[in-house]
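Since every read-out is calculated from the coordinates, none of them should be taken as a lab result. These numbers were taken from a predicted model, which means no experiment stands behind them. Note that each Cβ is placed from the backbone with ideal geometry, even for glycine, and that neighbours are counted across all protein chains shown.
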Amino acid sequence: MRGYLAVVRATYMIGLVYRFGFLFSIFGNIIYLGVAYFLWRSIYQHSETIRGLTFNETFIYIGLGSAMFILLKTYIDWILHYEIREGIIATYLIKPINLGLYMLSGGLGSLLMSLTAITLPTILLLTFVFKVEFTRGPGLILFPLSLLMAFLISFHIDFFIGLLGFYTDSVWGFGTTKDIIVTVFSGALIPLQFFPDAIRNILLWLPFQAIYHTPLMMVTKPDQAWDILLPMLSVQFLWVVVLFAATQLFYNQAIKVLRIGGG
Amino acid sequence: MRTPGEYLRLYFLIEALYIKGRMQYRLDFIISSIGMFVSSLATLGIFWVIFDNVPNIAGWTLMEMVFIYAFYMIAISPMQILFDHAWQLRFHVQQGSFIKYYFRPLNMMFYYMSEMFDIKGLTQLAAGIILLIYASIQLNIDWTLARLALLVMTVFSAALVQISIIVAASCATFWVMDSYPVLGLAWKLREFSPYPMTIFDGAFRFTFTYLIPIGFVAFYPSQLFLRPEEVSPLIYFSPILGMGLFAITYWIWTKGVNSYTGTGA
């Protein structure tokens, strides 16, 4: 366990080395928030609330969503694929570590990095520059837990795609398609409420909504009853378990086809 | 110095070899094209969802937005197809393999960018053209010869603007180690260009019109065909803007190339 913690710490420290990138990401996020503000303001010209969401709520949703997007983007799929192709993967396999846990630790390190570098500044910006008002409620207490589970779901999907690297060299196509499906179907770009009912009902049955929609709803509509919030959390947990099992099964299969030519 | 004709011949030779090499990975081509296609569809899907709730965005209807988006897809294709190697620049610079581009009697930007020809970008171009035709029919746009000439001219300028922004951003790697966020921001800004610039106020509209002119990638030129009466006379200067920006980008590139000292490896 201590070994994995060292990986978490090391990844965090690597993030700290690149201070320029850190500052520039904050700058980029300010511009993004500005653009999103104008875009949604013009959409809300027509009515005060759309599908039960006010402009203020939608803007919190979109703003935090963009910060979460950087937070949950671990690039594990690209990294894993690169390491399989270059044969670096062998150096992990000869060590007494679990590859999945090792990758997860790296992901956690960059998660903590983005949390301090992107998410907290975004919340401050939303509060002080854009003057949005956060509603208080039990949802806010559940948010950290919900965010952690969102990370685990996102991680396992990325890990699964990365494992495809054992079979194919086409990670660009798979990775991009996966990224698009996740961003659109998870409600990362538009709250799921905006989707036509028939489509939304399908999306709620998919794992993607548990990545962005659930945690973001905890913050935008935190004053809902426990018997609405807790089932949302349980669905997330269920997806964590299902996807964990799926990646483990796939990993055990995929590792068998690995051939590394020399080194 | 080589003549442009020689460069053109060389370019075809290099790309023919590159495409032959890529064709070994046929599955990769198919899957990448699907990825490209899905990512183009995603924005249309977003438009569709938004317009399911509101009648227009700042007075622009869904079909007009589809037209602007189609224009955008065509205008960014040259960057995607011909300048895709810009993304790899930071790896080459950091790992030292960039040094190889100094050793050929060729224009360095030409040599570097020619090493990649993004075949999947052709899918985007084709989808953009089909979408533009579809939107034109729906909007009853009458394509006279003069308008077609105007389209070619504005697409050319818009493509130059987009290429300049991305290549200039990729050059940041010559001066800073972790340049990815610069390119990442340029890439993200690209996604805002199909929206009506009229939704922005003050500093934002100024920036997107004059400083980082993403408005010229899709919205301003599309106005010429959709609502010629609202168009700003600035748009007629867009070829100058496109070429001027490319000249600045080329200057930045040259500066970067000359300051690069290699990694010693």
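Averaging over all projection directions, the Cα-based convex hull of region A:183-263 occupies 8.0 nm² in the image plane.
Overall shape: prolate for region A:11-155, with the ratio a/c of the largest to smallest alpha carbon gyration tensor axis at 1.5 or above and a/b above b/c.
Relative contact order of chain B, please, whole-number percent, based on alpha carbon pairs below 8 angstrom and at least 6 residues apart. After rounding, I find 25 percent.
Relative contact order of region A:1-144, taken over Cα pairs closer than 8 Å and 6 or more residues apart, is 42 percent. Whole-Hz Karplus values for region B:42-49 come out as 4, 5, 4, x, 4, 4, 4, 5 Hz, taken residue by residue from phi with 6.51 cos²θ - 1.76 cosθ + 1.60 and θ = phi - 60°; glycine and proline positions read x. Per residue, chain B reaches -21000 deg cm²/dmol at 222 nm when only DSSP H runs of four or more residues are counted, each adding -39500 (n - 2.57). Once Rh for the protein assembly as shown is found with the Kirkwood sum over Cα pairs, what is the Stokes-Einstein diffusion coefficient at 10 °C and 1.306 mPa s, in µm²/s? The Stokes-Einstein estimate is 64 µm²/s. Once you reduce region A:191-262 and region B:121-176 to the center of their Cα atoms, the two points are 37 Å from each other. With a Förster radius of 60 Å applied to the C-beta separation of A:Y102 and B:L234, the computed FRET efficiency comes to 0.65. Cross-link partners for B:K120 among the aspartates and glutamates, with Cα-Cα distance under 13 Å and sequence neighbours closer than 8 places in the same chain left out: B:D28, B:D84.
Counts of other chain beta carbons within 10 angstrom of each beta carbon in peptide A:190-197 average 3. When only alpha carbons are used to place a centre, region B:178-203 and region B:1-77 end up 18 Å from one another. Other protein chain C-beta atoms within 10 Å of residue C-beta, averaged over B:42-53: 5.
Charges at C-beta only: +1 for Lys and Arg, -1 for Asp and Glu. How large is the resulting dipole of region A:2-257 about its Cα centre, in Debye rounded to 20?
On the way: 14 positive and 12 negative charges, 83 e Å.
The calculated dipole for region A:2-257 is roughly 400 debye.
Here B:F216, B:F12 are placed in order of increasing Cβ neighbour count within 10 Å, fewest first, which gives B:F12, B:F216. Gain on full extension, evaluated as 0.36 nm per residue between B:V54 and B:K255 minus their Cα-Cα distance, stands at 67.5 nm.
Would you work out if region B:8-56 is rounded, prolate or oblate? Take a ≥ b ≥ c from the square roots of the eigenvalues of the alpha-carbon gyration tensor; rounded if a/c is under 1.5, else prolate when a/b is larger than b/c, oblate otherwise. Before the final figure, lay out the partial values.
Values: a/c = 10.44, a/b = 2.57, b/c = 4.07.
Verdict is oblate for region B:8-56.
Summing charges over neighbours of B:E230, with a neighbour being any other residue whose Cβ is under 15 Å away from its Cβ, gives 0 when K and R count +1 and D and E count -1.
Over all Cα atoms in region B:4-259, the spread is summed up by Rg and Dmax: 19.0, 58 Å. At q = 0.09, 0.10, 0.11 Å⁻¹ the log10 of I(q)/I(0) for region A:2-257 amounts to -0.43, -0.53, -0.64, computed by Debye summation with a single uniform scatterer per C-alpha, solvent ignored. Remark: relative contact order (chain A) = 27 percent; criterion is Cα-Cα distance under 8 angstrom and separation of 6 or more residues. Take the alpha carbon gyration tensor of region A:35-85, find the square roots of its eigenvalues, order them as a ≥ b ≥ c, and report rounded if a/c is under 1.5; if not, report prolate when a/b exceeds b/c, else oblate. It is prolate, given that a/c is not under 1.5 and a/b is the larger ratio.
Peptide B:175-184 has a mean of 5 when you count, residue by residue, the C-beta atoms of other protein chains within 10 Å of its C-beta. Extension gain, B:L17 to B:L211, is 66.0 nm, computed as 0.36 nm per intervening residue step minus the present C-alpha separation. Comparing B:F47, A:T91, B:I235 along the charge dipole axis of the protein assembly as shown, the residue lying farthest to the positive side is A:T91, per the Cβ-charge model.
For A:L120 and A:R136, the difference between the fully extended length at 0.36 nm per residue and the C-alpha to C-alpha distance is 4.0 nm.
Here the simple spin-label model places points 7 Å from the Cα toward Cβ, and for A:A245 and B:I133 these points are separated by 4.9 nm. Once both labels are positioned 7 Å from their Cα atoms along Cα-to-Cβ, the gap between B:L10 and A:M13 label points is 4.7 nm.
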